[in-house]
Amino acid sequence: MKRILRCFMALAVIFAAACFIPALSDLSGGIKASALESGNFVFYENSDGTLYLQNYIGTDSPTTLTIPSTADGKKVTRVASDALNKVSSSLKILKIPGSITHLASYAFRNMTVLEKVVFISSGLTDIGSNAFSSCPKLASIVLPESVKTINGYAFFNCPSLKSFKIPSKVTRIPECTFRKCTALASIAFPSTLKSFGNAAFDGTPWLNA
């Protein structure tokens, strides 16, 4: 009787494991794919099958760079933190395709010579905290109207930024978003804007005026 009971328990454990493994896969969105190298970029797969840009691996020092909209037949929708860190001291113009919907926190921070960011078409909805912080030469960036969320410190310490237009779908400017943007004198606000976070514009000529 004990032998039969032990056999039954062993079969039960095996059956439970077989059911549990796919459940884990469903929770995690599937097993994470290995790194995909395409051109000068490294990508990883999002849970929905799209890709996010992890980093730049080229051996050159480009002054102008366009983020790919696709790689290996899959859409590139996100940019990870410090994705272009390798070219932070050479890149002056960055072009972002409409396939990109999300910029992670710190995506393009400390890009020391970045002067201009161009969005090729609308698509971006979310800008992570500190995404463009401490870009001392950033003077030109026009966000697409698709943007809904700008997180705190997104443009913190960008002293060359003189003017900025807030997209019409943005309802809140959070804490320290434009703090220490010491040349920012002109800001266009949409009628939909409802609130400002603490120190959102501290140190700007706009606030001083």
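The values are calculated or read from the model by the stated rules, or taken from the named source; none is laboratory data. This one's a predicted model, so the numbers in the text were calculated from it and none came from an experiment. Counting neighbours? That spans all protein chains shown, and the Cβs are built from the backbone with ideal geometry, glycine included. For the accessible areas, the whole protein counts, side chains as well, though only heavy atoms, and no ligand, DNA or RNA atoms are used. Shrake-Rupley method; radii C 1.70, N 1.55, O 1.52, S 1.80 Å.
Percent of accessible area on region 117-171 owned by carbon and sulfur, 1.4 Å probe?
Working: 1080 of 2050 Å².
Looking at region 117-171 in its full context, I get 53 percent from C and S.
With a probe of 1.4 Å, find how much accessible area region 70-209 has per residue, and write the answer as a whole number in Å².
On the way: 6090 Å² over 140 residues.
I get 44 Å² per residue for region 70-209.
Ordered by 1.4 Å accessible area with all protein chains kept, THR101, THR182 run largest first as THR182, THR101.
Given C-alpha coordinates of region 165-209, what is the ratio Rg to Rh with the Kirkwood estimate of Rh? Before the final figure, lay out each step's value.
Values: Rg = 10.1 Å, Rh = 10.6 Å.
Reported Rg/Rh (Cα atoms, Kirkwood Rh): 0.95.
Expressed in units of 2.2 N^0.38 Å, where N is the residue count, the Cα radius of gyration of region 103-180 is 0.98.
Rounded to the nearest 0.05, what FRET efficiency is calculated for THR63 and LYS148 with R0 set to 30 Å and r the Cβ-Cβ distance? Write out the running numbers ahead of the final one.
Numbers: r = 31 Å, r/R0 = 1.04.
Plugging the Cβ-Cβ distance into 1/(1 + (r/R0)^6) gives 0.45.
For the pair SER122 and ASP72 in one chain, pulling the backbone fully straight at 0.36 nm per residue adds 15.8 nm over the alpha carbon distance. Each part reduced to its alpha carbon centroid, region 193-209 and region 78-127 end up 24 Å apart. Measuring with a 1.4 angstrom probe and ignoring ligands and nucleic acids, PHE156 comes out at about 40 Å² accessible. Surface listing: LYS194, LYS86, LYS180 arranged by accessible area from highest to lowest gives LYS194, LYS86, LYS180, probe 1.4 Å.
Grouping the Cα pair distances of region 23-145 into 10 Å bins from zero gives a pair-distance distribution of 14, 46, 31, 8, 2 percent in increasing distance order. Once the chain from LYS92 to THR182 is taken as fully extended at 0.36 nm per residue, the excess over their C-alpha distance is 30.4 nm.
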